[in-house]
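See structure below.
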Amino acid sequence: MNRAQKSAWFGLTMSTLLLIFFVTRVFALPRASLLFNLLRFSTAIGFIVLPIIFLRKTGQDKVNIDERDNCVSRKALIAAFSSTAAILIGACMIPPFIDRPTTSIPVLLLPALLYSLFVVFILAYSVAILVQYGWRGKDGEK
Amino acid sequence: MEKSELKNQVRRLRFDNGEMTQQQLAERVGVTRQTIIAIEAGKYAPSLPLAFRIAQTFDVPIEQVFQYEYEDKEIR
């Protein structure tokens, strides 16, 4: 398993947990709030520590990133941006059809939407990376 | 639209060249071992510069390493 796969597994795990807790919080399930806050802060720290753990150079002579890695990363970025854009468009366009067009929403929903988009981006990027490299570590090794 | 596939002889050429390992080839052409694995398995089509570097490593013309096979023979 290369560093991009490890990093993707980390991103996938954290973003999935965050989305689960986000949903439980939205539906106001008891005790979800505390867990959500704990996870949110630990994830924020994790995303800062992530490059130090996974993206550090392992050796001077060894090739760490090559053209295939760049290609995989570029495709994953496109997939992640597309997913995030689809969610954003849905979040902006669907509510007026559900409720009356003149209904107001709390402004607190805007940073929550931004945060959700970030989580969705990480989730989509991680999935796209793992789909291309393979979910397991061996990558078709013979 | 015709279907095509890029075949390669990298695995055979490695063994013909003193049983070169995937890691050794990767280091010589400047990529990761996973990329060599993906090329051998036909999961990744290398860029032209990389394809030329691989051919140069084995000291053979590029067409001996990679073959572009058309399914529709008439187009050829």
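Every number in this text was worked out from the coordinates using simple rules, so none of it is lab data. In this text, all values refer to a predicted model and were calculated from it rather than measured experimentally. FYI the Cβ positions are ideal-geometry reconstructions off the backbone, even for glycines, and counts take in every protein chain you see.
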If the chain between A:THR16 and A:ARG136 were fully stretched, how many nm would it gain, using 0.36 nm times the residue separation less the Cα-Cα distance? 41.4 nm
How much FRET efficiency would the formula 1/(1 + (r/R0)^6) give for B:PHE15 and A:ASN70, where r is the Cβ-Cβ distance and R0 is 30 Å, rounded to 0.05? 0.55
Unit-weight point scatterers at every alpha-carbon of the range B:4-66, Debye formula, q = 0.13 1/Å: log10 I(q)/I(0) is -0.27
Mean Cβ count within 10 Å, highest first, over the residues of peptides B:27-37, A:97-107, A:9-19, B:12-22: B:27-37, A:9-19, B:12-22, A:97-107
Provide the gained length on full extension for the span A:LYS62 to A:LEU77, in nm with one decimal, where the gain is 0.36 nm per separating residue minus the Cα-Cα distance. 2.9 nm
Using label points projected 7 Å from each Cα along Cα→Cβ, tell me how many nm separate B:GLU27 and B:LYS7, to one decimal. 3.2 nm
Return the average number of partner chain Cβ atoms within 10 angstrom of each residue Cβ along peptide B:35-41. 4
